[in-house]
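Laboratory data are not the source of any read-out in this text; all were calculated from the coordinates shown. None of these values were measured; they are calculated from a predicted model. Using ideal geometry, Cβ is built from the backbone for each residue, glycine included, and neighbour counts are taken over all protein chains shown.
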């Protein structure tokens, strides 16, 4: 299966004054895949998306989408891209239906023409079609924004942190909707600060400080984590983490939910660790080996860079 | 062109969805006309005069009688000492003091020259000047009488003197309403065009809707037009409202062509709308825009010639004023409405507006870039 590249970025750089927002970015996105960008706030995700959607000019490097140059052919490209910015940016004072109709006409199409494409999503908010967009809940706003971004049947959909600030149920629903869009052969570029959403993508790029650290399928990303990982639990978490970081054989230790994820220099620990912790006043410690996830891999890559 | 139509329809939808704005854009011009036209006037009535009559002669009483008889003055106080009168001026109890020195009547009777002294409160320079001019008029009149009487006593031949009869063209009665109304029309249209359109664009920036707009195939000239046309239409409706009120309430004559006024106001509106959009491309927030727009508005209005004659401004200010579009619309409105000027008569003002409109539209379209 050799799908053609929908997006192709080579050696892309972008600075805001002295701040390097993107540095030497290169990647390809294949036709019909959901490609995710995962990284913390300020990693450069939005800047990258704004360049691909022709809203921003790159300083250096080439960016092509749908076979069109994002700088030279911006006009043609805009007909075929659906973009959902991170901030809800539809007209709050227009109703759901008015917003949808407006974006359809702006793209020279009608809601009727592409209704089948958005039917699944729009049906959730259709009962509220006469409500001003500003009065919708977060999840409904997001569905409306997605409908508006899809109404002209774009070949490429760019979603900037679509699930930020949305409840867990709506988030899960949203990913289901994206997956259903695959049958229309729409390529989706999506960014998220949530590691757990990485598993929903076909491929994922980890981005940090304007650089891509790794690109792979989400299952394979965690395979890049080669050390043995241990989950450590004790009642006094703060004392535990300071003690573990003082322990000479600790390689890394960071909080992970209720527990701490710890690696050791030679991938094992012995009783001296427990003695050490005891001497620091930490007792009732349980240690067990655990499987690394994307977040572990991400933190490991962050530490290296 | 269908796109522009849809964009404009969206603007109107938003304007009239706004419960306040939808009504205010029609209510404000009506209120503005009803208040400003009769309120802004330079006619001075009832100047509070304080008389210090140290003479108390027949002649001085005659002069005071003349002043009391004039509709301009109201003799509020009469004192006998200068200090007392000055105190009244300090306390803002009177606007003007006239001192008649002792021996005034005696000197007139003897035929020797005599003097009067007037002091005016010049906190408001314009008021002081005007009331002084009125006072002067009355005294001159009185003076002529004395002269006539003096000479008349000796001979019966009339003294030769030049009598000036004046006629105020285009506004015979010097009705200030007639003078103000065409000017206020210009300001009314300016306010609609300048503030509303600019704020609208900055709001799209602030909320972020412009971002969504920018990824659509809408071209920048289409977008700018969709911001200009709705407010152009509203501005012209407001102009029609203003003219109707002028006619019905203040009976302002309309000597010239209605179409000419509307055509010129359209060009003026395009000019100021584009200028506002240009400012809004430089502003990131509504606050920034308001501050800048207010600055321009004040300069435009105060230097427009609505209150003060342009000719009395210093030369450099008159040069700056060449860039003030309000000057031209003010002149056009007054000339066409009061004098019945034709397009040919106002050609230079008309051309200035056209150039202004073309320049600001071009600048606004170019400044508003869709990429970055």
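Based on alpha carbons, the Rg and Dmax found for chain B are 28.2, 97 Å. Among A:233, A:262, A:215, sorting on how many other beta-carbon atoms sit within 10 Å of each Cβ, with the fewest leading, yields A:233, A:215, A:262. Each part reduced to its alpha carbon centroid, region B:295-311 and region B:195-218 end up 31 Å apart. Based on DSSP H segments of at least four residues, each scored -39500 (n - 2.57), the protein assembly as shown has a per-residue ellipticity at 222 nm of -16000 deg cm²/dmol. Neighbouring Cβ atoms from other chains, within 10 Å of the Cβ of residues in A:84-92, number 5 on average. The Cα center of region A:248-305 and the Cα center of region A:6-61 differ in position by 34 Å. Our summary gives chain B a relative contact order of 19 percent, counting only alpha carbon pairs under 8 angstrom and 6 or more residues apart. Exposure proxy shown here: for A:263, A:286, the number of other Cβ atoms within 10 Å sets the order, fewest to most, as A:286, A:263. Summary of packing: across the peptides B:50-59, A:12-21, the per-residue average of other C-beta atoms within 10 Å ranks them, highest first, as B:50-59, A:12-21. Legend: mean number of C-beta atoms from other chains within 10 angstrom of residue C-beta atoms, peptide B:14-23, equals 1. Between 0 and 90 degrees, rounded to the nearest ten: what's the tilt of helix B:2-17 against the longest Cα principal axis of chain B? With both axes taken from Cα atoms, the answer is about 50 degrees. Note on B:144, B:290, B:297, B:337: ascending count of other Cβ atoms within 10 Å places them as B:144, B:290, B:297, B:337, the fewest first.
Compared with the dominant Cα axis of chain B, that is its longest principal axis, helix B:286-302 is turned about 40°. Shielding by partners for peptide B:213-221, expressed as the average number of C-beta atoms from other protein chains within 10 Å of each residue's C-beta, is 6. On a 0 to 90 degree scale, rounded to 10, what angle separates helix B:325-334 from the longest Cα axis of chain B? Once rounded, the angle reads 60 degrees.
Just so you know, the Cα atoms of chain A work out to an Rg and Dmax of 22.6, 73 Å.
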